Amino acid sequence: MNRLRRSELAVPGNNPKMIAKAATSAADLVFCDLEDAVAENEKSDAREEVVRALENLDWGTKTRAVRVNGLDDARSYEDFVVLVEGAGRFLDVVILPKVSSAEEVRWVDRLLGYLETKAGLQRRIGLELLIEGVEGLIHVEEIAKSSPRVEALVFGAGDMSASQGVRVTETLLPGDSYPGDFWHYARCKIVVAARAAKVAAVDSPYTNFNDPEGYRAECLRSYSLGYAGKWAIHPKQIVVANDVFSPSEAEVKNARAVLDAYEEATARGVGAIQIDGVLIDEGIARIMRGVLEVAGHD
C-alpha cells in the first residue's frame, strides 16, 4: 500500500501520555514500540497499553503501527497474538526488527494470516522490515520481495553499528572527520532493494533531537537517495521530516512545466527536447513524474 511515510514517530508502548500526544501529532505514521523503548519487566503491560491505545484513541488519518519484539525473543509471538486479537481492526502495520532473512518474513506472513482469519479481519496488516544487521543487509534484496505484506524497508543504524563493529558516537555518526556520508553504502543498498521491490525505504533515526539542523542534513541525504521518509524520536523532528520529504512548490512547478513541454513534443512525434540547454527525454520525464507522484499530483 502506498502510504505517506515522510515522518515516522516512535513512542514507548508503556507511556499512555506520550502515545496520546503522538496520536494528535503531524506525523504520517506513529509506531508504539514494544521492543527497545520498553524495559524487560514492562513488556507485558506495554502490550496491553498499546491495544487500549489503538482501540480508543482518535488517530485521524495516521498510519497506526507497532514495533514488536524480534523473532529471537519468544515474547514476539505473544505480541502478534495479543495485538491482532485485541486490536487488529485498528492496526495498519507491524514493524519487525532485526530481520536477517526472507524466511523470517514469510513465517510472520503466515502467522499474521492465521491470526487475521481467526479474528475475522477483512484487511491485511502490512509489514515494515528493519534492516539493522549485516546479515539482513547482505540478504536485503530477497527480504524486500519476501511477502506481499511488505510496505517498507527501514534502515536501523543503531544495531547496524554494533553488528558491523563500526566506531560511532551516540549520534550514530563517526566522531572524527570521516570523508563523506558514513552510512552511504547501507543506505544505498537498502533503497535500491526497496525500489526494485516497489516498496518504500525509510531512514534511520537521528538521536540528537535538539539538533534540528543536523537532523535536516541527514533527511536531505536520504531524500536525495530516494528515501520516502525518516524516523523521528521526538515530536519536534516531525516538521523537519515532513518538509524535507515533501517536494517544494518550486520542484513541483518545474516538474509540471518540464512534463508539459515534453508531452507536447512527443504528441508531435519528437522524442527529445531541450529546455534552457538541458536535454529532456523519457528518462528525465520519469524523474519528473516521480516528483509529482511524491507530491500527490497527477
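Taking the stretch 58-92 as the range and being outside any helix (DSSP H, G or I), of a type outside the set (D, E, K, R) and more than 22 Å from the chain's Cα centre (by Cα) as the test, only 74 passes. Filtered by the rule that a residue be among the aromatic types (Phe, Trp, Tyr) and in contact with a strand residue (DSSP E or B) (Cβ under 6 Å, 6 or more places away or on another chain), the stretch 219-234 gives 227, 231.
One line per residue, one yes/no per condition, for (1) closer than 13 Å to residue 11 by Cα; (2) among the acidic types (Asp, Glu); (3) assigned by TED's automatic domain parsing to the domain that holds residue 231:
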| site | (1), (2), (3) |
| --- | --- |
| 33 | yes, yes, yes |
| 37 | yes, no, yes |
| 42 | no, yes, yes |
| 46 | yes, no, yes |
| 51 | no, no, yes |
| 57 | no, no, yes |
| 61 | no, no, yes |
| 65 | yes, no, yes |
| 68 | yes, no, yes |
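Within this structure, residue 126 passes the test of being touching an Asp or Glu at 6+ places or on another chain (Cβ under 7 Å) and not hydrophobic (A, V, I, L, M, F, W, C).
Of all the listed residues (45, 72, 36), the sole one being surrounded by fewer than 20 Cβ atoms within 10 Å (Cβ to Cβ), acidic (Asp, Glu) and under 19 Å from residue 202 (Cβ atoms) is 36.
Residues in the stretch 6-37 that are among the hydrophobic types (A, V, I, L, M, F, W, C), without any contact (Cβ under 8 Å) to a residue 40 or more places away in the chain and under 27 Å from residue 199 (Cβ atoms): 6 in all.
Taking residue 44 as the residue in question, decide whether it is more than 21 Å from the chain's Cα centre (by Cα) and assigned to a helix (DSSP H, G or I). Even if it seems obvious, please write down each step before you answer.
On the way: more than 21 Å from the chain's Cα centre (by Cα): yes; assigned to a helix (DSSP H, G or I): yes.
The answer is yes for residue 44.
The values are calculated or read from the model by the stated rules, or taken from the named source; none is laboratory data. Fair warning: this is a prediction, and the values are worked out from it, not measured in the lab. Please note: Cβ atoms are built from the backbone with ideal geometry, for glycine as well, and neighbour counts cover all protein chains shown.
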